[in-house]
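The values are calculated or read from the model by the stated rules, or taken from the named source; none is laboratory data. Source: prediction; values computed, not measured. Note that each Cβ is placed from the backbone with ideal geometry, even for glycine, and that neighbours are counted across all protein chains shown.
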Amino acid sequence: MEFSSKLLENAVYEMSQLPGIGKRTALRLVLHLLRQPKTQTTHLVNALDTLRQDIKFCNKCHSISDVAICDICSNPNRNHKIICVVEDIRDVMAIESTGQYRGVYHVLGGKISPLDGIGPQELTIDALIEKTKSGEVKELIFALSATMEGDTTNFYIYKQLEGLDVKTSTIARGIGVNDELEYADEVTLGRSIRNRIPFENALKSS
């Protein structure tokens with residue numbers, strides 16, 4: 001792809017570093033921004049800069065937040081005895097959109113994937129185990145995607161919980177194998193949460 005401007009080329013390159021954005025799409029987006037009032041681009045740049053500078057992670061669930069304790073964790077109307085274990089904030093948003101879950105969350109920040117150099121130490125698993133050891137948690141719901149990495153992570157956490165008085169369950173497999181939670185429709189995901197099954201049963205059927 002030939003560019004008449006080095007500035008344009010640099011902008012397209014940076015835009016194309018975003019996931020799912022090829023160079024042609026990046027060019028279309030950059031040209032769109034050039035056609036808009038300068039204030040719109042300024043607002044976008046300022047929003048991204050503020051995001052990077054001021055974003056926080058909830059001290060309790062490790063989800064992205066504007067404050068030290070996120071709105072979900074600080075809500076007294078949520079059931080803090082039930083924790084839904086998810087990969088990242090996209091899964092929190094997907095489950096929240098169903099309106100079927102009133103517990104709280106724990107965001108791992110990824111899944112165990114040795115090929116990608118991601119082990120348990122790179123995730124917030126230790127914090128989850130310590131939280132569970134407090135005795136206040138009565139159930140952990142594993143809501144990771146139905147992939148090899150997701151299943152490996154579920155099993156690793158399950159083994160770390162041996163000897164603890166806590167129920168473990170997993171969302172029902174209305175979510176297809178290899179499907180990511182964020183792409184599931186709200187009805188299917190809601191049913192998967194409501195119809196969750198004991199994790200031991202999932203092990204026997206796998």
The stretch 86-112, residues that are assigned to a loop (DSSP other than H, G, I, E, B) and in contact with a Cys (Cβ under 8 Å, 6 or more places away or on another chain): TYR101
Residue check, ASP126 of a type in the set (D, E, K, R) and in a loop (DSSP other than H, G, I, E, B): no
Any hit, the stretch 86-100, residues being within 27 Å of THR152 (Cβ to Cβ), crowded, with 18+ Cβ neighbours inside 10 Å, over 16 Å from the mean Cα position of the chain (by Cα) and modelled with pLDDT of 95 or more: no
LEU29 at pLDDT 95 or above and either in contact with a Phe, Trp or Tyr (Cβ under 7 Å, 6 or more places away or on another chain) or of a type in the set (A, V, I, L, M) (or both): yes
Residue in the stretch 176-186 that is surrounded by 15 or more Cβ atoms within 10 Å (Cβ to Cβ) and either within 26 Å of ILE69 (Cα to Cα) or at pLDDT 90 or above (or both) present: yes
Which listed residue, of LEU115, LEU144, is in contact with a helix residue (DSSP H, G or I) (Cβ under 7 Å, 6 or more places away or on another chain) and either buried (at least 16 other Cβ atoms within 10 Å of the Cβ) or in a helix (DSSP H, G or I) (or both): LEU144
Test result for ASP49, out of contact with any strand residue (DSSP E or B) (no Cβ under 7 Å at 6 or more places or on another chain), acidic (Asp, Glu) and not in a loop (DSSP other than H, G, I, E, B): yes
The stretch 128-147: number of residues that are out of contact with any strand residue (DSSP E or B) (no Cβ under 6 Å at 6 or more places or on another chain), closer than 14 Å to GLU87 by Cα and of a type in the set (A, V, I, L, M, F, W, C): 2
Of residues in the stretch 62-85 being outside any strand (DSSP E or B) and of a type in the set (A, V, I, L, M), the one nearest to the chain's Cα centre (by Cα): ILE72
Matching residues in the stretch 77-129 - criterion: being small (Gly, Ala, Ser), touching a residue at least 24 places away in the same chain (Cβ under 8 Å) and under 26 Å from LEU164 (Cα atoms): GLY103, GLY109, SER113, ALA127
Residue count for the stretch 2-12, restricted to those that are exposed (fewer than 14 other Cβ atoms within 10 Å of the Cβ) and under 35 Å from the mean Cα position of the chain (by Cα): 2
